[in-house]
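Since the structure comes first, as structure tokens, the remarks are kept for the end.
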Amino acid sequence: MLRVRRDVAAAKSLFSKAIKRQGQPPQTITLDGYAASHRAVREMKTDGLLAEDTKVRSSKYLNNVIEQGHRHIKSRTNMMPGFKRFGSAATTISGIELTHRICNGQFDLAKLGLKEAAAPAVWNAVLFDR
């Protein structure tokens with residue numbers, strides 16, 4: 001029972017920090033199946049820290065969906081020895097994500113006039129089109 005209280009307190013602390021950082025409370029909160037976070041939101045509503053009309057959505061496998069969405073990054077970075085600096089990690093991961101978006105057709109290459117262009121030209125055009 002003590003562990004549950006600590007987990008709820010930790011979830012409330014996390015939500016409070018997020019609300020403070022955003023500057024306003026959210027209209028909708030999407031939670032995974034973790035019971036402590038649901039209880040924390042209920043308690044925050046009764047304490048007046050969250051508006052009563054805040055919608056709470058639940059997705060039982062939310063964490064799994066997020067993890068699966070980053071699978072392509074994990075497969076690229078698993079073979080790397082590790083990043084020494086945060087900046088180099090951020091640059092590498094953003095490059096991997098951009099490459100993934102280009103390859104999955106999230107950019108209209110025909111609109112950019114790059115239907116038959118070489119990779120460096122596509123890369124530069126997409127970077128400057130953002």
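No lab work stands behind these numbers, since they all come straight from the coordinates. Keep in mind that this is a model prediction, so the values were computed, not measured. Glycine also receives a Cβ, built like all others from the backbone with ideal geometry; neighbour counts cover every protein chain displayed.
Points worth noting:
- From least to most packed, judged by other beta carbons within 10 angstrom and beginning with the fewest, 56, 126 follow the order 56, 126.
- 5 angstrom amide H check on residue 83, placed H, neighbours 5+ away: none
- Estimated FRET transfer efficiency (residue 90, residue 3; beta-carbon r; R0 30 Å; 0.05): 0.30
- Summarising the amide proton neighbourhood of residue 31: residues at separation of 5 or more, or on other chains, whose placed amide H is nearer than 5 Å comprise 57, 58, 59.
- Overall, the chain carries a charge dipole of about 480 debye about its Cα centre when +1 sits on the Cβ of Lys and Arg and -1 on the Cβ of Asp and Glu, all other atoms neutral.
- Counting neighbouring beta carbons within 10 Å and listing from fewest to most, the residues 91, 28 come out as 28, 91.
- Under the Karplus curve 6.51 cos²θ - 1.76 cosθ + 1.60, θ = phi - 60°, whole-Hz ³J(HN,Hα) for the range 30-38, x wherever Gly or Pro sits: 10, 10, 8, x, 6, 5, 4, 5, 5
- Global form of the range 2-67, assessed from the alpha-carbon gyration tensor, a/c cut-off 1.5: oblate
- Once Rg/Rh (Cα atoms, Kirkwood Rh) is calculated for the structure shown, the corresponding label among (i) 1.09; (ii) 1.12; (iii) 1.05 turns out to be (ii).
- In degrees, nearest ten, helix 119-129 long axis to first principal axis of the chain (Cα): 50 degrees
- For the range 42-57, the Karplus equation 6.51 cos²θ - 1.76 cosθ + 1.60, evaluated at θ = phi - 60°, returns couplings of 4, 5, 5, 5, 5, 7, x, 7, 10, 5, 5, 8, 5, 7, 10, 9 Hz by residue, with Gly and Pro reported as x.
- With Cα atoms, 0 to 90° folded angle of helix 2-22 axis to the chain main axis: 60 degrees
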